[in-house]
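Presented below is the structure to which this report refers.
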Amino acid sequence: MHTKLNRRVVIKTPNISVQRDPDYPKYVERFKKEAQMLAMCCTDSHPHIVQVFDFFIEENGRYCLEMQYIAGESLWEYVQRQGKLPETEAIKYIHQMGLALVEVHKKGVFHLDVTPPNIMLNFNSGIPNSGKAVLIDFGIAGDISPPSTLSRSFGNKVFAPYELTRKGIRHPTVDIYCLAGSLYYAITGQRPTNSFDRKYDREELVPPKQLVFSLSDAVNEAILQGMALEAKDRPQTMEEWLNLLPTSEANLTELILASDVGVDYQNLENLLKAGQWKAADQETTRVMLKVAKREQQGSLDYESIKNLPCTDLRTIDQLWVKYSNGHFGFSVQKDIWLECGGKLDYETECLLGDRVGWRKNYRWLSLKNYDFYLSTSEGHLPSLRYYYKMENGRFGWLWRRWLFGFLSYIQTCKL
């Protein structure tokens, strides 16, 4: 209790084993740096990052870090008491942690222990579904321990990728793995297979959908991608991984407008949010050409498709899917193509054109006759023909090759 301010706080200090170590002064310096790092992360008072209030030394020489007290219980304790969580509730907490980590990563900091014991849940007893997740313990205790006493919490061993505990590699993909593992635990109520056992004993990670049959395919895939054994196979940024998670009414969080090439998608989101489908379609063309660096050419070609960043395609797709309630988007068009057979032939092209409304009465529509209303055919927008430079109004084989190449690439990006 802070006697002057009359509020509860948390005091963190180096543990006893560190204080008795001959190299204690070295750990004190690291403790100071960790305190400064955490204070830097809290500069903007992020609602999902524990706040730092003070750093001081007691008369006996003990260093103390004064931090925000989070009333509630950890995600680990909550699941132990409640059992596995509903999908929407689990995603809500994990998405909040992801938003916090996006800001932390921007400052060049990695948490390295985003595990259920370090995710505190604060509830307002008078408001249903009011739980708020707060990220605590930025690895301070573990990072300042000498090698002889380093024993990170059970959470790190169970939820961390092998490259962290074996090689100490620091990278955003470490936090992605840990957070995906925490979502696995929240949804299934079970710990995931240890990454060491997966790497060296060839044990398999049980897909969460095998444990929770009602789990959506999107969340199952997001967890598996986030927990890919090798870092190169995971999404490379927290924004990219968060955008794999579905949004819902129970999870009212903003879509992160991630781009690997620095493209701003705010205007596209504003147009889609306002239901200005034609203007949004034209804006999609503009940003697609910018992403591909084909603004001067005014179109994409077959080769440029293969160089489109999956992160940007996913952002564009999720914006369309979100604001059309799943009616429009690249992923919607890809699914319809697969339903039509997923083949690269004229029959499939016609079936797809008929289904999405690009073809009527056996004739392909010109762009001026496209319908820019939410009531039109599912998958009608975005209008992919904007991206292909037509010659004399003819499409033919080159158009089909372009179209199927684009849809195949979308499938490769796992949209």
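The values are calculated or read from the model by the stated rules, or taken from the named source; none is laboratory data. The model shown is predicted, which means the values in this text are computed figures rather than measured ones. Note that we place each Cβ from the backbone using ideal geometry, even for glycine, and neighbour counts take in every protein chain shown.
In the condition set (1) under 27 Å from Pro172 (Cβ atoms); (2) without any contact (Cβ under 8 Å) to a residue 60 or more places away in the chain; (3) not basic (Lys, Arg); (4) not assigned by TED's automatic domain parsing to the domain that holds Val174, Tyr78 is compliant with all but (4).
Being modelled with pLDDT of 85 or more, within 20 Å of Ile305 (Cα to Cα) and not hydroxyl-bearing (Ser, Thr, Tyr) is a property that Leu351 lacks. When the range 28-48 is examined, which residues are found to be in contact (Cβ under 8 Å) with a residue 24 or more places away in the chain and touching a Phe, Trp or Tyr at 6+ places or on another chain (Cβ under 9 Å)? Listed by number, the residues that qualify are Val28, Phe31, Lys32, Glu34, Ala35, Met37, Leu38, Cys41. The single residue among Leu205, Leu229, Leu215, Leu224 that is under 20 Å from Gly98 (Cβ atoms) and not in a helix (DSSP H, G or I) turns out to be Leu215. Annotation note: Cβ proximity below 6 Å between a residue of the range 104-123 that is free of Cβ contacts under 8 Å to residues at least 60 places away in the same chain and a residue that is part of a loop (DSSP other than H, G, I, E, B) and acidic (Asp, Glu) (sequence gap 6+ or interchain) occurs for Asn118/Asp137.
Condition check ((1) at pLDDT below 90; (2) in a loop (DSSP other than H, G, I, E, B); (3) surrounded by fewer than 24 Cβ atoms within 10 Å (Cβ to Cβ); (4) not assigned by TED's automatic domain parsing to the domain that holds Arg191) across all residues:
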position: Leu85; (1), (2), (3), (4): no, yes, yes, no
position: Thr88; (1), (2), (3), (4): yes, no, yes, no
position: Ile91; (1), (2), (3), (4): no, no, no, no
position: Met97; (1), (2), (3), (4): no, no, no, no
position: Gly108; (1), (2), (3), (4): yes, yes, yes, no
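Residue pairs whose Cβ atoms lie under 8 Å apart, sitting 6 or more positions apart in sequence or on different chains, and linking a residue in the range 3-20 that is more than 19 Å from Phe31 (Cα to Cα) to a partner that is not aliphatic (A, V, I, L, M), are Arg7/Tyr69; Arg8/His2; Arg8/Tyr69. Of all residues in the range 66-79, those that are in contact with a strand residue (DSSP E or B) (Cβ under 9 Å, 6 or more places away or on another chain) and either among the polar types (S, T, N, Q) or not in a loop (DSSP other than H, G, I, E, B) (or both) total 9. For the condition assigned to a helix (DSSP H, G or I) and either among the aliphatic types (A, V, I, L, M) or within 20 Å of Glu77 (Cα to Cα) (or both), Lys199 does not qualify. Taking the range 264-363 as the region of interest, the helices (runs of 4 or more DSSP H) fully inside it that hold 1 or more residues being over 27 Å from the mean Cα position of the chain (by Cα) are 277-291, 302-305, 330-339, 346-356. Here Ser214 meets the list (1) within 23 Å of Lys322 (Cα to Cα); (2) surrounded by 15 or more Cβ atoms within 10 Å (Cβ to Cβ) almost entirely, failing just condition (2). For the range 1-29, taking the residues that are in a helix (DSSP H, G or I) and in contact with a Pro (Cβ under 9 Å, 6 or more places away or on another chain), the one that is nearest to Arg62 (Cα to Cα) is identified as Val28. Does Gly181 satisfy the condition of being buried (at least 20 other Cβ atoms within 10 Å of the Cβ), modelled with pLDDT of 90 or more and of a type outside the set (S, T, N, Q)? Yes.
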